[in-house]
Amino acid sequence: MLDCPATATVLRQGPAAPGEAPDWLALLCTAHSEALPGWPGTAADTGLSLSCGSVLDYRSAEQLLQSHADLWLTPLTGVDPKTYAGVWPDVLDQADRVLRARLGEDTADGDETLHSLAMMLAMASRNAAEGKLYQATVPLAYCETLAQRL
């Protein structure tokens, strides 16, 4: 989620239904925790030795994919899951096509971040096409970190 070398000292917990476990846990350094006061969830000290930006996510594949679409995929590519009735293999295939076309139009050809995004998005698209939606979320998590650099 973040590209930060600091050790996480704060645990943010995502929303949960009453009596249920949180949807996600995000481990952050103090600076990033304070920089994100509007994030849902609570902050708590952690005794874990993980890097800032580590996330343990317990949401369904569909919820994860929608989160990626909301946070960076749709803003970057213009591909809206509603257009494809939430059929994620189609959504990711079209987003992959849009990003590759964008790279083809880039005469500078030097944007390593976009090239890395395209590579990981292609991997996610292939996983989704094979029916492996959870596997598709793994490269999309890397894409989310990369998209923050744009």
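The values are calculated or read from the model by the stated rules, or taken from the named source; none is laboratory data. Bear in mind the structure is a predicted one, so any value in this text is a computation, not a measurement. In this analysis, Cβ positions are derived from the backbone assuming ideal geometry, glycine residues included, and neighbour counts consider all displayed protein chains. We work out accessible area using only protein heavy atoms, side chains counted, and drop any ligands, DNA or RNA first. Shrake-Rupley method; radii C 1.70, N 1.55, O 1.52, S 1.80 Å.
So here's what we get for this one:
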{"item": "Residue check, PRO15 modelled with pLDDT under 75, surrounded by fewer than 17 Cβ atoms within 10 Å (Cβ to Cβ), farther than 15 Å from GLU144 by Cβ and of a type outside the set (S, T, N, Q)", "result": "yes"}
{"item": "Index of the failed condition, LEU117 passing every other in (1) out of contact with any helix residue (DSSP H, G or I) (no Cβ under 7 Å at 6 or more places or on another chain); (2) surrounded by 16 or more Cβ atoms within 10 Å (Cβ to Cβ)", "result": "(1)"}
{"item": "Pair list, Cβ < 8 Å and 6+ apart or interchain, from the stretch 123-150 residues that are within 15 Å of TRP72 (Cβ to Cβ) and open to solvent by less than 80 Å² (accessible area, probe 1.4 Å) to residues that are among the hydroxyl-bearing types (Ser, Thr, Tyr) and assigned to a helix (DSSP H, G or I)", "result": "ALA124/THR137; ALA136/SER125; LEU146/THR113; LEU146/SER116"}
{"item": "Verdict on ASP70 being open to solvent by 20 Å² or more (accessible area, probe 1.4 Å) and either within 30 Å of LEU11 (Cα to Cα) or modelled with pLDDT under 90 (or both)", "result": "yes"}
{"item": "Residue match in the stretch 40-59 (condition: over 22 Å from CYS4 (Cβ atoms), open to solvent by 60 Å² or more (accessible area, probe 1.4 Å) and modelled with pLDDT under 95)", "result": "yes"}
{"item": "Residues of the stretch 73-101 satisfying the condition of being surrounded by fewer than 20 Cβ atoms within 10 Å (Cβ to Cβ) and of a type in the set (Val, Ile, Thr)", "result": "THR74, THR83, VAL87, VAL98"}
